[in-house]
1. Taking θ = phi - 60°, what integer Hz values does the Karplus form 6.51 cos²θ - 1.76 cosθ + 1.60 yield along region 239-254, in sequence order, with x for Gly and Pro?
2. With the crude spin-label approximation of a point 7 Å out along Cα→Cβ, what separation in nm comes out for LYS228 versus ASP167?
3. Under the Karplus relation 6.51 cos²θ - 1.76 cosθ + 1.60, θ = phi - 60°, what is the ordered set of whole-Hz ³J(HN,Hα) values for region 114-126, x standing for Gly and Pro?
4. Cβ neighbours within 10 Å, averaged per peptide: list 145-151, 211-217, 159-165 in order, most packed at the top.
5. Mind checking which lysines have their Cα closer than 20 Å to the Cα of LYS228? Skip sequence neighbours fewer than 8 apart in that chain.
6. To the nearest 0.05, what FRET efficiency results for TYR185 and GLU133 with a Förster distance of 25 Å applied to their C-beta separation?
7. Under 22 Å between alpha carbons, and skipping anything fewer than 8 positions from LYS316 in its own chain: which lysines qualify?
8. Rounded to the nearest 0.05, what FRET efficiency do MET275 and LYS213 give with R0 = 41 Å and r taken as the Cβ-Cβ distance? Could you check?
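Throughout, read-outs are computed from the coordinates displayed, never taken from laboratory work. Please read these numbers as outputs of a predicted model, since none were measured by experiment. Ideal geometry is used to build each Cβ from the backbone, glycine not excepted, and the neighbour counts take in all protein chains shown.
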Amino acid sequence: MLALAAACSPASPPRSSVPSDRGGSGGGPDGTGGGKTGGTGGAGGTGTPATTGGSGGKGTDGGSAGTGGSTTSPAADAATPGDAATPSDAPPGNPAGCTAKLCDDFESYEVGTQPGGNWKAALDRGMLAVHEEKAFSGARSVRFTHQGAPAVMFIELRQPLLPLPGDVVYGRLMYYLKQTPSGQYSHFEIVRGSGPLAGDKRAQLNTGGENGKVVVNYEPGDCTKYSKVALPEKRWACYQWAFNVAKNDIHLWIDGQSVDDVPVAPAGQCWKAPMVLDTLHIGWESYHGNQPVEIWIDDVAVGDQPIPCPTGMPSKP
Ligand SMILES: [Ca+2]
């Protein structure tokens with residue numbers, strides 16, 4: 001576990017330990033509390049020009065096999081993820097129309113259970129379950145709730161999906177935040193990448209918000225960058241990220257718009273990327289305050305190429 005007792009910036013008081021960043025391996029093919037139908041296999045790898053994409057992963061515990069990969073043009077610059085992939089006619093979030101390494105629209109899990117497949121729940125004073133009140137695609141999404149901080153409610157990816165080959169982990173999700181926590185010290189995370197540093201330390205690449213705006217945070221060191229870009233609430237929004245290990249870089253996009261005012265300090269000055277990014281946490285962590293949180297997440301995709309936002313309207317707005 002990474003000790004987070006280091007000094008914090010003035011706008012972010014010291015945080016408690018984060019149980020969701022445990023060491024060791026996990027996240028096997030059998031998800032906790034998964035439905036009888038099991039997970040859907042991951043989509044095949046994306047081929048480079050003149051090559052063929054990889055074959056789809058196999059579903060577990062009765063889940064369906066993934067779709068084969070496709071051939072695409074070379075990835076565009078990370079600043080334009082929405083332009084890099086071939087548009088699909090498939091419904092938003094439909095795994096059949098997603099060519100990332102992992103695509104999940106959460107339709108294959110039973111309502112009230114935790115997502116299975118590659119996912120493993122990481123909880124502390126928070127709850128998460130597949131829910132059908134809101135959805136961007138289909139009828140279901142994952143609902144994350146807590147009644148006051150500190151609280152952790154993440155779905156976690158490790159092996160066998162991670163680490164990915166290459167230096168960059170791209171991702172995309174759709175979220176609906178009922179009401180953003182307000183005020184100073186309302187800092188929260190939505191997506192965290194992490195991995196080992198030299199020795200026995202681990203690095204965290206934290207992305208989320210505080211007081212309605214985007215915030216990026218790096219551990220160890222609690223290096224925090226505050227953006228002027230608003231984090232949408234009360235509607236479905238597209239959240240994209242790129243964790244670039246080789247360049248010590250994090251990049252975010254909100255509804256396809258690049259967030260450019262949270263630069264990473266030069267390596268060694270404020271933050272250094274892990275040697276390899278072996279863990280992703282998706283969901284929510286709050287550190288302070290007694291404001292309850294309710295957020296739905298749908299259509300998660302993770303891969304080694306930029307992943308566009310889905311086109312189309314939410315099925316349950
Ligand atoms: Ca869905």
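1. So the Karplus estimates, Gly and Pro as x, are 10, 10, 9, 9, 9, 9, 5, 5, 9, 6, 10, 10, 9, 10, 9, 10 Hz.
2. In this crude spin-label approximation the distance works out to 3.0 nm.
3. With the stated coefficients, region 114-126 comes to 7, x, x, x, 7, 8, 9, 7, 10, 10, 8, 6, x Hz.
4. Details: 145-151: 19.0, 211-217: 20.7, 159-165: 16.0.
Peptide ranking by packing, descending: 211-217, 145-151, 159-165.
5. Straight-distance partners of LYS228: LYS213.
6. Numbers: r = 29 Å, r/R0 = 1.16.
The computed FRET efficiency comes out at 0.30.
7. Those lysines meeting the cut-off are LYS134, LYS178, LYS234.
8. On the way: r = 31 Å, r/R0 = 0.75.
Using R0 = 41 Å, I get an efficiency of 0.85.
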